[in-house]
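Before we start, here is the structure in question, set down as structure tokens.
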Amino acid sequence: MSAELEGLHEECGLFGVWGHPDAARITYFGLHALQHRGQEGAGIVSNENGHLHGHRDLGLLAQVFNDDKKIDRLKGNAAIGHVRYATSGSGSVDNIQPFLFRFFDGDVALAHNGNLTNGRQLRRELEADGGIYHSNSDTEVLMHLIRRSDKLTLIEQLKDALNTVHGGFAYLLMKNDCMIGALDPNGFRPLSLGQMTNGAYVLASETCALDIVGAKLVRNIEPGELIIVNDDGYTIEKYTDKTQKAICSMEFIYFARPDSDIYGVNVHSARKRAGARLAQEAPVDADMVIGVPNSSLSAAAGYAEESGLPNEMGLVKNQYVARTFIQPTQELREQGVRMKLSAVRGVVEGKRVIVIDDSIVRGTTSRRIVQLLREAGAAEVHMRIASPPLRYPCYYGIDISRTSELIAAHKSVQEICEFIGADSLAYLSIDGLVETVGLNADAPYGGLCVAYFNGDYPTSLGDYEEEFLASITEEDKKRLTEFARDSSQYYGNEYTHYLMEKSK
Ligand SMILES: O=P(O)(O)OC[C@H]1O[C@H](OP(=O)(O)OP(=O)(O)O)[C@H](O)[C@@H]1O
Ligand SMILES: NC(=O)CC[C@H](N)C(=O)O
Ligand SMILES: [Mg+2]
């Protein structure tokens, strides 16, 4: 379905609470703060004295729970919830999470943010061995692995399963007596633990969801960790030591809300620093800086501050258009951008403007913006992008999984500039991104995943390897192999850099 979609798309939000009399409603509030991460469907499973009740459907959270009774029915003092944006499997209601499994020895609920790189392969094997699936996303596979493990407790079975699935995953599970969170060995997706004033523990994809329910951050879940929350409090265990931080840099650039902190780095501040760095790397003589609402407003503030130019409101976004939306044709997509953004003639007329956006995917938005600003009388339009060019697909949970959709995979910066019709175009460097996010983790790229910019994937690509290799040029293959050779940098993983294997 991604071919039908415009722009960038979110990648699921998780929220869970243990120890609150109104757990389902708290989960609703938490998910509401995470709605930007997924708008295709939502669900909540509550825990009433060990019995799990669930409700899930297609649509925004407020549509799924359009009647208070739907929340009222989800009784109990613990709950987990999910907002979905599909990365694998269809958009059908069968794939809306949390999944609720009824076993002879108790109920288990499961929710997932991320994308597995060996989900298809595992599913084929499990089906061949008699497994029967109710959904076709990559999420259900974890439960099959858990049930097939010969270990005796759910936690030990889960550890087995977590060592078998590869790729990007933050999981939330709930059974009668506990709620469990788990993060992949690279920590592609964020997951944080908070505590409410009544002592209830909360797990959420972003810290903005902790704030909304008045929870204080206790700690972030680290790569390879498993957290178990029950009536006695919480315990942390590791299911693997082979970990290495490679946090999705698009979380900082575009996905996460500006009021969230990821591993202690505030998202708005990181974006602002990226904008300032962009002003140093790609200055241009102009009268004003304009941000493209919403996600680039922070970067625009940084660019303006650093360049000493006024930060003006030259573009206005219609707040009644969803952040992302589906349009079947390019013509409709362009019409969509027109509905979403308008130029402010009184501000830009006769002016030389620098437009800051956080990213270019297909180029639809940038092209339309340049056109709008010219129609509104701008004398010059210079585009500056607060991230490096998106050249490669992401297989860990962002919907940029096809090279054919990425304009920078096929065109040079100069060609993109001509395509969007700007007077000039420049992007932030990878070093600029790494330094301004400033995670400074002891890992390649300071602990960020930058694979969609340079092809340096931190894991093997499994199910996607063939498709990826077929989509890149011979020259690129050689370059990526070189990466792999000196990139004993990705030292920690059991499934080390796949090209390293290939180049042996
Ligand atoms: O090159 P394109 O294919 O047009 O996609 C790029 C645009 O998509 C995203 O914005 P989006 O419209 O999703 O929402 P936002 O308001 O959160 O920035 C991103 O911020 C870019 O502006
Ligand atoms: N965006 C996500 O994190 C999606 C989770 C899962 N891969 C799905 O497709 O439903
Ligand atoms: Mg945008």
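FYI, it's all coordinate maths here, none of it is from the lab. All values derive from a computational prediction rather than experimental measurement. Cβ placement follows ideal geometry from the backbone for every residue including glycine, while neighbour counts extend to all protein chains displayed.
Return P(r) of the range 262-433 (all Cα-Cα pairs; 10 Å bins starting at 0; whole %; ordered from short to long distances).
Result returned by the calculation: 10, 39, 39, 11, 0.
I'd like to know which of 429, 217, 286 lies farthest towards the positive end of the charge dipole of the chain, counting +1 on Cβ of Lys and Arg and -1 on Cβ of Asp and Glu.
286
For a footprinting-style exposure proxy, rank 358, 241 by other Cβ within 10 Å, fewest first.
241, 358
Given the Cα-Cα distance of residue 68 and residue 431 and 0.36 nm per residue of separation, how much length would full extension add, in nm?
That works out to 125.8 nm of additional length.
Something else: If you count, for each residue, the other Cβ atoms within 10 Å and average over each peptide, how do 116-123, 97-104, 14-21 line up from highest to lowest?
Order by mean packing, descending: 14-21, 116-123, 97-104.
Give the Cα extents of the range 330-421 along the principal axes, in whole Å, largest first.
Principal-axis extents of the range 330-421 (Cα, largest first): 43, 26, 19 Å.
Now for a separate question. Based on other C-beta atoms within 10 Å, arrange 93, 45, 437 from fewest to most.
If I rank by nearby Cβ atoms, fewest first, I get 93, 437, 45.
Take every DSSP beta bridge with both residues inside the chain and express the antiparallel ones as a percent of the total, to the nearest 5.
Among the beta bridges of the chain, antiparallel pairing accounts for roughly 80 percent.
Rounded if a/c is under 1.5, else prolate if a/b is larger than b/c, else oblate: which is the range 137-185, with a ≥ b ≥ c the root eigenvalues of its Cα gyration tensor?
Note, shape of the range 137-185 comes out oblate.
Lys and Arg at +1, Asp and Glu at -1: add these up for the other residues within a Cβ distance under 15 Å of residue 72 and post the number.
That sum, taken over residues with Cβ under 15 Å, equals +1.
If you don't mind, there's one more thing I want to ask. Assign unit charges at the C-beta atoms only (+1 for Lys and Arg, -1 for Asp and Glu), then state the dipole size of the range 92-232 relative to its Cα centre in Debye, rounded to the nearest 20.
For the range 92-232, the charge dipole is close to 180 debye.
A further question on this structure: Can you list the lysines whose alpha carbon is less than 21 Å from that of residue 478, not counting same-chain residues fewer than 8 positions off?
Excluding near neighbours in sequence, the set is 411, 502, 504.
How do 88, 404, 359 rank when sorted from fewest to most other Cβ atoms within 10 Å of their own Cβ?
404, 88, 359
Return the FRET efficiency for the residue pair residue 156, residue 217: r is the Cβ-Cβ distance, R0 is 45 Å, and the value is rounded to the nearest 0.05.
Here the calculated transfer efficiency is 0.95.
Over all distinct alpha-carbon pairs, what is the Kirkwood Rh of the chain in angstrom?
Every distinct Cα pair counted, the radius reaches 23.3 Å.
Taking all pairs of distinct Cα atoms, average 1/r, flip it, and tell me the Kirkwood hydrodynamic radius of the range 1-123 in Å to one decimal place.
Answer for the range 1-123: a Kirkwood hydrodynamic radius of 14.7 Å.
Moving to a separate point now. Which lysines, on any chain, are close to residue 238 with Cα under 20 Å apart, when same-chain ones fewer than 8 places away are left out?
Candidates past the 8-residue exclusion: 151, 159, 175.
How large are Rg and Dmax for the range 254-326 when calculated on the C-alpha trace, in angstrom?
Answer for the range 254-326, Rg first and Dmax second: 13.2, 39 Å.
Need the list of lysines near residue 317 for cross-linking: C-alpha distance under 18 angstrom, and skip anything on the same chain fewer than eight residues off.
Cross-link targets: 340.
Starting from the Cα gyration tensor of the range 12-243, multiply each eigenvalue by 5, take the square root, and state the resulting semi-axes largest first in whole Å.
24, 20, 17
Also, I was wondering about something else. Between residue 104 and residue 147, what is 0.36 nm times their sequence separation minus the Cα-Cα distance? Round to one decimal in nm.
14.3 nm
Measure off 7 Å from each Cα along the Cα-to-Cβ vector at residue 335 and residue 90, then give the distance between these two points in nanometres to one decimal.
Output for this residue pair reads 2.7 nm.
Now for a separate question. Dipole size in debye (nearest 20) for the range 262-433 around its Cα centre, Lys and Arg Cβ +1, Asp and Glu Cβ -1?
That gives the range 262-433 a dipole magnitude of about 480 debye.
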